[in-house]
Amino acid sequence: MYQIAIVIFDDFTDIDFFLLRDILGRSQSDWTVKVLGTKSSHRSSLGMVVKTDGHLSEMSQSDAVLFSSGYRGVPAALKDPEFMDSLHLDPDKQLIGSICAGAFFLARLGLLDGQPATTHPDAKTALEAEGIQVLDKPLVVNGNIATAGGCLSQMYLTGWLAERFYGVEKRREIHRQLIPAGQKEVFEVLISQSIADA
């Protein structure tokens, strides 16, 4: 069974975490999901408190590591020595992804050097200032590293992850309850094409 880690911090963006956690939580038999942080709980930008399942140092044991976002939380975490010193990733062995401004962590770790990426449109200029080529795409994949831009692009990020682990049918399974009524075919084309174009 695969193990997926979702990284959070204080002032994380609610939808970027909760939607990611909900989508991945729809599979109980193929992977486990752990929420990791530097504290026993972290408070979201809207005041929701989320208990963590372990410390960031445990991410090296995960098959996949996904970084949440937060327009206030990300800059603060980037300046936090404990947070940054705990980020130990192996892109040769792990699938690594980010949603929106979570891409700044990957950039700071050098995982985006020489590679294009994406992020939330509001964060594009700042990520470019880090020396990263930012594409106006919902999902950009380079080997085992994926960046997603915009909260709803989590459909593509989680779809990419599910397909890498188990294939297209697993992706359809975890997304099935999320698709608006009457739009199954529309979203199938949109999701499959976005992943293929990444």
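The values are calculated or read from the model by the stated rules, or taken from the named source; none is laboratory data. Nothing here was measured: the structure is a model prediction, and the numbers come from that model. Only protein heavy atoms, including side chains, enter the accessible area calculation; ligands, DNA and RNA are left aside. Shrake-Rupley method; radii C 1.70, N 1.55, O 1.52, S 1.80 Å.
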Solvent-accessible ranking of D136, D80, largest area first, probe 1.4 Å: D136, D80
Stokes-Einstein translational diffusion, the range 54-102 - Kirkwood Rh over all Cα pairs, 0.692 mPa s, 37 °C, in µm²/s: 286
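With N set to the residue count of the range 97-196, report its C-alpha Rg divided by 2.2 N^0.38 Å to two decimal places.
Numbers: Rg = 13.9 Å, N = 100, 2.2 N^0.38 = 12.7 Å.
In units of the 2.2 N^0.38 Å rule of thumb, it is 1.10.
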Heavy-atom SASA rank of Y156, Y71 (probe 1.4 Å, accessible area, largest first): Y71, Y156
The range 1-91 - Debye-derived log10 I(q)/I(0), Cα point model, q = 0.26 Å⁻¹: -1.45
The range 1-156 - percent of accessible surface contributed by carbon and sulfur, probe 1.4 Å: 50
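Roughly how many Å² is the accessible area per residue of the range 53-198, as a whole number, for a 1.4 Å probe?
Heavy-atom accessible area per residue stands at 47 Å².
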Accessible surface of I4 - all protein chains present, 1.4 Å probe, nearest 10 Å²: 0
Fraction in percent of alpha-carbon pairs per bin - 10 Å, the range 93-143: 28, 64, 8, 0
Gyration tensor (Cα) of the chain, equivalent ellipsoid semi-axes in angstrom: 24, 19, 16
